[in-house]
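Worksheet: one structure, shown below.
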Amino acid sequence: MRPKPQSELQEKLGKMYNVSDAKAIILFGFRTQFGGGRSTGFGLIYDSVEAAKKFEPKYRLVRFGLAEKVTTSRKQIKERKNRAKKLRGKKKAAVTSKK
């Protein structure tokens, strides 16, 4: 038996809890029980999509299509890391925060 898609679960939860927009429901962390037939997971229901964008981590927003993935080259990431290794304190924070 195959697990249900998260979009179906979002719609079902939206009807159960009278949520106006199904995109305000964020589901994650699903585990299928041994042998199948049952899955358990975690979900958060927000008042609006704006509230979800405010509180959810960026990677989860990207998964649900609420934010764009920021891509930087591998070389840039490594160069930033190595520059930061040479600095301490406020200067280090200034180098690492520039994205």
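The values are calculated or read from the model by the stated rules, or taken from the named source; none is laboratory data. Model, not experiment: these values are computed from the prediction. Cβ coordinates were reconstructed from backbone atoms using ideal geometry, including for glycine residues, and neighbour counts include every protein chain displayed. Keep in mind that these areas ignore ligands, DNA and RNA; they rest on the heavy atoms of the full protein, side chains included. Shrake-Rupley method; radii C 1.70, N 1.55, O 1.52, S 1.80 Å.
Odds and ends about this structure:
- Failed item, numbered, when Gly41 is tested on (1) assigned to a strand (DSSP E or B); (2) of a type outside the set (Lys, Arg); (3) open to solvent by 80 Å² or more (accessible area, probe 1.4 Å): (3)
- Filter pass, Lys23 being over 19 Å from Glu8 (Cα atoms) and either in contact with a Leu (Cβ under 9 Å, 6 or more places away or on another chain) or free of Cβ contacts under 8 Å to residues at least 60 places away in the same chain (or both): no
- Exactly one residue out of Lys91, Lys15, Lys75, Lys99 is assigned to a helix (DSSP H, G or I), open to solvent by 100 Å² or more (accessible area, probe 1.4 Å) and modelled with pLDDT under 90, and it is Lys91.
- Some residue of region 78-86 being aliphatic (A, V, I, L, M), in contact with a Ser or Thr (Cβ under 6 Å, 6 or more places away or on another chain), surrounded by 14 or more Cβ atoms within 10 Å (Cβ to Cβ) and more than 17 Å from Ser7 (Cβ to Cβ): yes
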